[in-house]
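I have placed the structure first, in the form of structure tokens, so that the comments after it can refer back to it.
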Amino acid sequence: MALHELRIPLRHLLKSPGFATAVVLMLTLGIGATTAMFSIVEGVLVRPLSFPHPERLVELSDVLQESSGEAGVTAPDIRAYVRDTQSFDALGGYQRVDYELSGVGEPARVRAARMSAGVFPALGVAPLLGRLFTQQEDDQREQVAVISDTLWRNHLHSDAQVLGTKIFLNRKPYTVIGVMPRDFEFPLVPGHLNNSELWVPMSFTAEELTTGAASWNFGMVGRLKAGITTAEAESDAERAAQEIMRSYPAFMSSMHIQAVVRSLQEQAVEQARRPIRTLFLATTVVLLIVCANLAGLMLVRSIRRRRQITLQLALGAPVGTLIREAILESLLLSLTGGVLGVGLAAIALRVGVNVLPETLPRIQEIGIDWKVVLFALVLSAVTGVVCGVAPAFAALRTKVNETLKDGGRTATAGAHGWLRTALAAGEIAVALVLLAASGLLLRSFEKMLAVDLGFRPDHLLTASYSLPEQQYTTQSVVDEFNHELLRRIQQLPGVKFAGLTSFLPASGGDSNTIIDAEGYVAPKGAPMNLATQVMVEGDALEAIGVPLLAGRHFTPADTTDSQLVAIVNRKLAEHCWPGANPVGKHLRLGLGGNKIPWLTVVGEVADVKESSPDVPSKQQYYTPVEQYEKSIGPFASPTDVNGTGDAVVVRTAIEPDQMANALRATVRSIDSQLPLTHVQSMESMLSKSESPRRFYTTLISAFALVAALLAALGMYSVIAFSTALRTQEMAIRMALGAQRASVVRLVFASAARVAIVGCAVGLVGVAAVSRLVGSFLFGVSPFDPLALALAAVFVLILASLASLLPARRAASVDPMSVLRAE
């Protein structure tokens, strides 16, 4: 019986191939897009981390109560938390670093991590080959390394005898003792694609454990003991934090920290959660419009078959059987669209994963699995039932005698016009919400691009290098290399200015240093006076194109034997010395009362954006590299070597990319083994930093356009069918003298009423989602009148175009032919 009932709706669909094809294509698009987005949501946000019992993995960090948020941990913190907490089966610290890898092919820069011995046990992942390093190897600073599957395959050619192989990191020999599995990734960096290629023991230096007490540039990960909650672990860590503060040196006595313990999974996906949810909401909106279209088309189809349905009822067919046939017909369409949608989603992900922003975490875990397929099929089934049952009941709500007496033409065919109109208005409303969101994001992106970055990105070439400590052991050797590099770069044709800097603008870094400004008294309860210290050499500020607002730039006369100098940005000057010329003022590292020497301010420059243009500028000051050791006074150590890791900045008279090879050759001419990395123009670097926002804006705009076109299709079907039902009325009007133009106006007026109602509901929807949209905007209100007006106008234009063809058909009917037929 069930199979027989399935054959009947299948036969009906085969008799209407155009209808079936249109519906299946719409469903394929809607379900395919939603399935693709669900696979991203499931892979990035929902799927547990690929560690044993990931729910017990946590991040431990400090919150500096004097600053704005979490700040990582210090090297002494790591030892204290490991020693003094009882809530963890394993706990360890880590730090992301880069190394120069040599001894296995061409020298290259590789991403790596220093890790204390407790990290691997906390993560609970066994190596593919070999073993992990031990606490003893960490304490004794043994030079051993665990490498990734990627490095093993790409640099060591999957050598099965790799264990015991010597590799050189920063030209120091390290012994390979293990290879991790292919899917192992740590650290998990929120908002960044990390993919560390090797891991070495932390092996803290003496400086990190003493003067590094104020450097929160490490992270910690731990595995909770069974039965221990995050709150209990945080309370345990807070007790250790109190002991840590009591051991602070005198210059840190006024600082306060609070321990925070959070789920590692939440930490890893925190920055991706909101944009992914927004995109999933956008695809859901598109699917709702598809469902509304499907329901509308099924309703029209049922009404057109009203006479046949009425005859079946008159002959005694059970209502339940007819409803089942309608639902089965809808299910056949939706499940076919669902299966094709899964295929479309698989193709889209195969192609699209490569264009996803690199800031999206866990990209390698996105794919079609059984959960995604199950989601698609359930979604298809629900769509089919919901979109089939309402039209079925609407079509069956009829009086058999009246319908047969009227011949099934128009007496009841228009009885459910309100439902078709409501569906069309709803489509327009949700399309308007997406169009408005798209317009707001585009306006926001435009505003962000217009932000003054504080420097000139045009004709600026950047690159990075890191001098290995094995060869560059003293400051004089480092200085000799840097001076020679600058001298040779400045001699290259097309170079205007060249310099070295410890920090590239718009690079997304976050470096905070406590400063003491002469004459500045912090208000009670104010946060610590923090600033970004940037060390420069050569003509770095001129090369970057930072405007000089007062005073002078650094000169070759600013050496270690001359007066200690600094250049401050406007934000620091206005904060510390409001209304005064900062030139001649003094500042220094640390809190008040320390013995660090004062720096004399010799210049003021514009505020330079350190990360995204929509992030407020920070206080910044610049110092000459040669004065670094003298400027930190008692914290200077004989082993401090500054300038081993620098960024090269070159302002060119030609296109920056044309000078990239010359810059590489210049570095190789001094040190043939030193790799130069991240060689790119500043404009290219800015484009990459803006790519996530551009990606999300483009995708939502694409969804908005698809939603608008689908809404227009729904509007067209409603207007076309309603106009067809009123053919006799139009013929009578024209027979009585009505002009064809008035008929056209009548159709347009009907469409306009639906569109205006949809726009009004859509604007209410925009208000409802304003909080969600507002979190992505920069310099634009969620109720920006221009964006909302353009979205409404676009919808009204689409509605007019959708009603154009039905209007022309209505105006072109022959009144006599229609009336004769009636």
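The values are calculated or read from the model by the stated rules, or taken from the named source; none is laboratory data. None of the values given here were measured: they were computed from a predicted structure. Cβ atoms come from the backbone with ideal geometry, glycine included; neighbour counts cover every protein chain shown. Each accessible area value is taken on the protein alone, full model and side chains, heavy atoms only, with ligands, DNA and RNA left out. Shrake-Rupley method; radii C 1.70, N 1.55, O 1.52, S 1.80 Å.
Here are the numbers:
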| item | result |
| --- | --- |
| Spacing of the two label points (7 Å from each Cα toward its C-beta) at H53 and E655, in nm | 5.8 |
| Extension gain (nm, one decimal) between E106 and D561, 0.36 nm per residue minus Cα-Cα | 159.7 nm |
| Efficiency of FRET between F280 and K447 - r from beta-carbon atoms, R0 22 angstrom, step 0.05 | 0.30 |
| Mean separation of Cα contacts under 8 Å, 6 or more apart, over the residue count of region 34-167: relative contact order % | 17 |
| Nearest-20 debye value, region 436-574 charge dipole, Cβ charges on Lys, Arg, Asp, Glu | 580 |
| L10 - accessible surface, heavy atoms, 1.4 Å probe, Å² rounded to 10 | 80 |
| Chain lengthening between R79 and A768 when straightened (0.36 nm per residue, less Cα-Cα) | 243.1 nm |
| Accessible area of region 503-627 divided out per residue, in Å², using a probe of 1.4 angstrom | 41 |
| Long pairs among K496/K585; K585/K630; K447/K571; K618/K688; K172/K225, criterion Cα-Cα beyond 26 Å | K496/K585; K172/K225 |
| Listed residue (A531, P468, Q491) projecting farthest to the positive dipole end of region 468-534, Cβ model | Q491 |
| Per-residue SASA entry for Y716, accessible area with 1.4 Å probe, Å² rounded to 10 | 70 |
| Estimated FRET transfer efficiency (A760, A702; beta-carbon r; R0 25 Å; 0.05) | 0.45 |
| Cross-link reach list, aspartates and glutamates versus K15, counting only Cα pairs under 13 Å and skipping chain neighbours closer than eight places | E329 |
| Packing-based ranking, highest mean first, of 669-680, 286-297, 690-701 given that Cβ atoms within 10 Å are counted | 286-297, 690-701, 669-680 |
| Spin-label pair S781/T474, simplified geometry with 7 Å Cα→Cβ offset, distance in nm | 6.6 |
| Pair N154, R131: separation of 7 Å Cα→Cβ label points (nm) | 2.9 |
| Peptide ranges 564-575, 159-170, 488-499 listed from the most packed, as the mean C-beta count within 10 angstrom indicates | 564-575, 488-499, 159-170 |
| Region 531-553 residues near the modelled Q490 label - backbone nitrogen below 12 Å, point 7 Å along Cα→Cβ | 537-540 |
| Listed residues E329, E106 arranged by accessible area, highest first, probe 1.4 Å | E106, E329 |
| Full-extension gain in nm, A752 to K172, via 0.36 nm per residue minus C-alpha separation | 201.2 nm |
